[in-house]
Amino acid sequence: MSSGYEDAYRVKLTSGVLVTCDSAAKQILLHLDSMRDGPYKFMIRDVDDTHMMIKREYVEEIKELLQDELEKNTYVQDPNL
Amino acid sequence: MAPPPPPVTDYKSYPKTTPPSVLLVILDIHPLSWSLLSSPPPAIPYPEHPAIDKAQATPMTLPDFVTLLMVFLNAHLASRWGNEVVIYGASAGRAKLLYPPPPNAVAGPSKPRPNTYHPFQLLDSRIEEGLKEMAAEEQDRLEHGDMKTLNQPPAMVSALTKALCFINRILPNNSNSAALVDPAATQDPSAPASNAPDKPETRILVINSTPGANVSTATSSNEQSNAEVNENGTSTNGNSQNGKGGQMRGGYVGLMNCVFAAQKAKVPIDVLSLPPPSIDASPPIFLQQAAHLTEGIYWQWNGRGGLLQYLHALYLPPPSLRHHPFAVPPQDAVGFRAVCFCHHKTLDIGFVCSVCLSIFCEPRPVCLMCKTRFPIKSIPTLKTLATYIEHIPIPDTVPPPPIPKGAKTHQQNENNKRERAKGATNGDASGTGGRGEPIEID
Amino acid sequence: MVQPSFSHPRSDPSSSSTSTSPTAALDTFLDNQHQSYFEELYKSEAVCLCILRSLPPVCRHIILHNLWSHQPLRTIDIKSLLQMDIQVSLQDVDEVMRPAINRKILHPLLNKKSKMIYPSNDAFKKGLRNALTGLGTSNSFGVPFDREDDADIPDQQALETYGEDAFEGILKYMVSSGLGVGFPVARPQMEVLELLLISGLMVDPSDPSGQNPNLNRMTITSKGFQFLLEDRQTQLWEILMYYLTAKEANSERSAVVLSMFFSLGCMQLGQDYSASRSFPGALSALNDLAQYGFIYRPAPESDQFFPTHLATALCSGDAAATRGQDADEKRFLILETNYKIYAYTSNELEIAILNLFVDIRIRYPNLVVGKLDRKNVKSAMEKGISANQIISYLSSHAHPQMYNSPPPLLHPTIVDQLHLWDRERNRLKTEDTVMLEFFSKELFEDTEKEAKANAALQLSIPNQKFLFIEPQTKAAITEFVKERQTQLRSGF
């Protein structure tokens, strides 16, 4: 589609999964992504504060990872207190 | 009284639900009045509107009217679950609760009819029963002497007082339970199905059948008919006495007190005045005032049938739907005249005691009510001053409400006030059938 | 924009589904019916009355306003009644009358002068008039049973207990299947179990294909959990509608049965009726309703039946009214700001429902003390229960004492926390997409417009010139882009 780098009208198409989330969750995702290398990186494009585009095959994994990460950061009251 | 809010056309702002509504009906069953209504004089020609003019004056007997009323009350019950009806009968000098029956009475008819909704059946049969009982009692009174009672006017004040007491009893006050019905408590948006019951809204419908004013006379003529006999038996003055249309002493004050109580409690008093203009050229001004002060609807029947439709069209919408979104008929001119405490005359110019605010038709050295003494010198001055006051002409109509932009105006004749009342509710009233015509039940 | 205000969940579109009326199930069903179905229904006066009451107040009063008139309703009538501007478009007037049009009470059409008029459905008009005057002939309000005067009849209290026991038995069975908590439940009859399966409230987990389910080993589904938290009237109508769609596929039969539901709703509690004379066309359906506690029969084969409060409250259209006298019984919950819950109840069913999202710590004979905690609430949410459902359950069961504190009824802290927990589950929203990166502003804007017009746009980031579009529209959009590219290039 893009006909040469000089072309002002070229368009680049990418398919993937658009993730919409709050900015806190986004930061965690960025962090998770930064821990990974090469083919294991899941982020395709950092869009803005609340959106990012990722590879389709990682969606379920990312959801679980995020859940775990959030769980780690949740204060659970000791039932014996 | 707050002016009606400007017309809003946004249907999204229409209420989604209304609170249950209690309708208290005061039915004037004065025998003399109904005998007049059952043989009306020919209707006054009504050239502005040929369709209405064509309709004949309709004789209206009490049984016929009660049948219509029952259908209307059924429609009220039908329009929302939880709606209730209370009926008082007002006869000569006395008023009585007809429905609901007292708690110790036998519970309704034994068997439901397969084609009638049971609450309708209860209501209808009980009204019939109650009216028959009341008629029997009247008969009894007549037979045991006391012919004079028949000449007393219907006991509107008594009925109104009872109705207001009833309202006061059913409305929860500032108690624990009131917190439950506090609308603010249910505003929690996360509680869509909050089970705090809605506070019921109440209104009173007075059905007047007595021509002439209820309280004294309301004619602009000078012939005032005073109370025939004072409570203490002394004739009030030498005027010609005419019991009918007169009122017991204190009736005016009583009525006005009821009206102000209703106004304070935000209970609209709707008034349907049955005597058509052919029987009674002047409206019952004090009932008219009652409707005006409490933001109720006042309407006088034109004597040409169509009552069922009028009842449904004017009086069925509950107060929470009136003004917004439903149009209400504009009030005819309301005469704000008062009655003097001394002779029960309807006054254009009165003299008010500066201490107790009693109204008198002439200046007095001593107030009859609170016994305050006024300087005798001031009386001639007051009299002279009073002659300078110009009589304020009573306008034919109140200024019409803003007509919706672009609405048809050609048929809204300036002095065609009754038509305007109808026009506002029925829209274009020039249809071939005309709303004024009797409507058959098929 | 991703963090809506939690205190006002009404602005949150997701909550609109929970704040529907108790007859939502009925409404959806009726919305999908045809003219002929309504003609059949409106033969019964009871139906006309109930349908009238189900309309929004404004619409209802316009219908009543016009009930005794010979003339069809005209647009101008409605406009002047509602003080509308004469210029208001027909659509807006239609919108006001929409509920009545949907119920086929009014048939809008253009008259000779191409003015809009709304003639009413003759069957409905006649039915409603007859309902008000009592002149109908369809026996739709139920024919009383001829019995001897000294016959022994159950009083209202007994009927209520009977109905309540029968219906709660079914609910208890559903809860116990999901919780594994041990309290003795009677298994409902086979027909009831079948309906629970068909409606999707319960499934047999060992039979994922749904071909050959074992009715005795069913467990509750997330739909079933949601059902449990609804208020009683909603539950009743949902069950009735499942019944109607499952059993009466034939539309004529279905109309007869549905009109029987309405008739039951107009009956008098404590009165006995004759089954064969009231509902000659729907005897088997009436028998089935006995299993859910809608009616009580003194003897299995008897013609005499008593509607219970479940049936007579069907058409009240008023959530508060269904509870009636037992309102206080249903108000047993005290929720403190420290998330502690005190439930003054000994009703097994209510405790089991509470157990879904409350960590129950103490049980006394008439009091249960527990705590709303993250673990339990989240496990409830795993089962498909939403925060709004929990909140509406809590507020509709709030103890009268809770109304004494200043509003709102439930403390905002707790409401917010529940919403936060709900949102925690799905902080990510994912959707398949195709990203288009542009370098020309002109092309970007044209494509954005095109995508928007075709509802293909997911997201547009103008300053980076990114467009995200639905994957299935990729072909069409690329086609458009190519065309524009050629046009723009040749423009030079």
Legend entry - Charge dipole (debye, nearest 20) of the stretch C:156-316; +1 at Cβ of Lys and Arg, -1 at Cβ of Asp and Glu: 120
Legend entry - Cα-projected label distance for C:K441 with C:E39, points at 7 Å along beta-carbon direction, nm: 6.4
Inset, instruction - Return the ratio Rg/(2.2 N^0.38 Å) for the stretch A:17-72, where Rg is computed over Cα atoms only. - result: 1.01
Inset, instruction - Run the quick spin-label model on C:E301 and B:E128: label points 7 Å from Cα toward the beta carbon, then report their separation in nm to one decimal. - result: 4.0
Legend entry - the stretch C:355-420 - convex hull of the alpha-carbon atoms, volume per residue in Å³: 93
Legend entry - Options A:A24, A:Q67, A:M53, ranked by Cα towards positive dipole end of the stretch A:17-72, top entry (Cβ charges): A:M53
Inset, instruction - Would you order C:I117, C:I198 from fewest to most other beta-carbon atoms within 10 Å of each residue's own beta-carbon? - result: C:I198, C:I117
Legend entry - Local electrostatic count at C:R484 - Lys and Arg +1, Asp and Glu -1, tallied over other residues with Cβ under 9 Å: -3
Inset, instruction - Treat the count of other C-beta atoms within 10 Å as a stand-in for reagent exposure and order B:I204, C:I62 from fewest to most. - result: C:I62, B:I204
Legend entry - Charged-residue dipole, Cβ positions (Lys, Arg, Asp, Glu), chain C about Cα centre, Debye nearest 20: 1520
Inset, instruction - Please work out whether the stretch B:259-314 counts as rounded, prolate or oblate from its C-alpha gyration tensor, where a ≥ b ≥ c are the square roots of the eigenvalues and a/c under 1.5 means rounded, while otherwise a/b larger than b/c means prolate and anything else oblate? - result: oblate
Legend entry - Given charges at beta-carbon only (K, R positive; D, E negative), |dipole| of the stretch C:323-425 in Debye: 240
Inset, instruction - Calculate, for C:A186 and A:D22, the FRET efficiency according to 1/(1 + (r/R0)^6) with r their C-beta to C-beta distance and R0 60 Å; round to the nearest 0.05. - result: 0.80
Legend entry - Peptide-level mean, for C:431-444, of C-beta atoms on other protein chains within 10 Å: 5
Inset, instruction - Rank the residues B:V366, B:V339 as a footprinting-exposure proxy: fewest other Cβ atoms within 10 Å of their Cβ go first. - result: B:V366, B:V339
Legend entry - Overall form of the stretch B:349-388 per C-alpha gyration tensor (a/c, 1.5; a/b vs b/c): oblate
Legend entry - Shielding score for C:400-411, defined as the mean number of other chain Cβ atoms within 10 Å: 5
Legend entry - Rh by Kirkwood over Cα pairs, then Stokes-Einstein D for chain C at 1.002 mPa s and 20 °C, µm²/s: 81
Legend entry - Exposed-site-free run, longest, chain C (rule: trypsin sites (Lys or Arg not before Pro); DSSP loop; at most 13 other C-beta within 10 Å): C:148-492
Legend entry - Neighbour net charge for C:L215 - beta-carbon separation under 11 angstrom, K R +1, D E -1: -2
Legend entry - Cα pair distances in the stretch C:134-291, grouped into 5 Å bins until the bin that holds the longest one, percent each: 1, 8, 15, 18, 18, 15, 11, 7, 4, 2, 1, 0
Inset, instruction - Note down the net charge around C:V257, summing +1 for each Lys or Arg and -1 for each Asp or Glu among other residues with Cβ under 14 Å from its Cβ. - result: -1
Inset, instruction - May I ask you to derive the FRET efficiency for C:K474 and C:K340 from their Cβ-Cβ distance with R0 = 41 Å, giving the value to the nearest 0.05? - result: 0.15
Legend entry - the stretch C:232-262 versus the stretch A:40-74: alpha-carbon centroid distance in Å: 46
Legend entry - Per chain C, cysteines lacking a partner by the 4.7 Å Cβ criterion: C:C48, C:C59, C:C266
Legend entry - Charge dipole of the stretch C:323-425 about the Cα centre (unit charges at C-beta), most positive-ward option of C:S346, C:N404, C:F357: C:F357
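Quick note: the coordinates plus some simple rules give every number you see, no bench work behind them. Owing to the predicted nature of the structure, the values given are computational and were not obtained by experimental measurement. Quick reminder, even Gly has a Cβ in these numbers, built from the backbone with ideal geometry, and neighbours come from all protein chains shown.
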